[in-house]
Amino acid sequence: MTDILINNAFGKDNLEKAAVAFIVAGASAGRDGETAMFLTSEAIYMATPNGNRVETPGFPPLNELVQAYINKGGILWVCKACADAKGLTADDLMPGAEIAGAGHILGFVDNGGQVLM
């Protein structure tokens, strides 16, 4: 199976787009192959214990989508430049999330990962 990279820049600024990204990521993580999600901009708060405790009508709560993705073995990377700009550190992140730079996503793609979103 193909490894999948999903880029997500949406958090509380657009909860519907954030939810859709995690729904797609969860579906991908449930199949063979690795799935990595790279969170940028407002989406970085989705990797914090309290930042993803939000809901949007018609979708499951974001914290449930994020945790389901991680539980399926999904990789959750937080953009290092974004985290630095907003003052987030590894200690601020939920278990299963890590701060990662551009080298992580470039290496993932160089090793055959396909960008889905």
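Go through (1) buried (at least 18 other Cβ atoms within 10 Å of the Cβ); (2) farther than 17 Å from residue 2 by Cβ; (3) touching a helix residue (DSSP H, G or I) at 6+ places or on another chain (Cβ under 8 Å); (4) not small (Gly, Ala, Ser) and name the single condition residue 70 misses.
Only one criterion is unmet by residue 70, namely (3).
Among 84, 13, which is the only one that is acidic (Asp, Glu), surrounded by fewer than 18 Cβ atoms within 10 Å (Cβ to Cβ) and touching an Asp or Glu at 6+ places or on another chain (Cβ under 7 Å)?
It is 13.
I'm checking my understanding of the structure. Among residues of the range 1-35 that are among the acidic types (Asp, Glu) and in a loop (DSSP other than H, G, I, E, B), which one is farthest from residue 86 (Cα to Cα)?
Only one residue fits best here, namely 32.
Name every residue in the range 81-104 that is out of contact with any Leu (no Cβ under 6 Å at 6 or more places or on another chain) and of a type in the set (A, V, I, L, M), in order of residue number.
81, 83, 85, 88, 90, 93, 94, 99, 100, 102
If I filter the range 26-35 down to residues being modelled with pLDDT of 95 or more and small (Gly, Ala, Ser), which single residue comes out as nearest to the chain's Cα centre (by Cα)?
Selected residue: 26.
Just give me the residues in the range 12-25 being under 10 Å from the mean Cα position of the chain (by Cα) and small (Gly, Ala, Ser), in sequence order.
Of everything in the range 12-25, those that are under 10 Å from the mean Cα position of the chain (by Cα) and small (Gly, Ala, Ser) turn out to be 18, 21, 25.
Taking the range 36-53 as the search range and keeping residues that are outside any helix (DSSP H, G or I) and either more than 10 Å from the chain's Cα centre (by Cα) or touching a residue at least 60 places away in the same chain (Cβ under 8 Å) (or both), which one is nearest to residue 71 (Cα to Cα)?
So, considering only residues that are outside any helix (DSSP H, G or I) and either more than 10 Å from the chain's Cα centre (by Cα) or touching a residue at least 60 places away in the same chain (Cβ under 8 Å) (or both), the one nearest to residue 71 (Cα to Cα) is 36.
Identify the residue in the range 32-53 that is of a type in the set (Val, Ile, Thr) and in contact with a strand residue (DSSP E or B) (Cβ under 6 Å, 6 or more places away or on another chain) and, among all such residues, is farthest from residue 11 (Cα to Cα).
The selected residue is 35.
Can you name every residue in the range 87-97 that is buried (at least 17 other Cβ atoms within 10 Å of the Cβ) and small (Gly, Ala, Ser)?
Passing the criteria: only 97.
The values are calculated or read from the model by the stated rules, or taken from the named source; none is laboratory data. Owing to the predicted nature of the structure, the values given are computational and were not obtained by experimental measurement. Backbone-built Cβ (ideal geometry, glycine too); neighbour counts: all protein chains shown.
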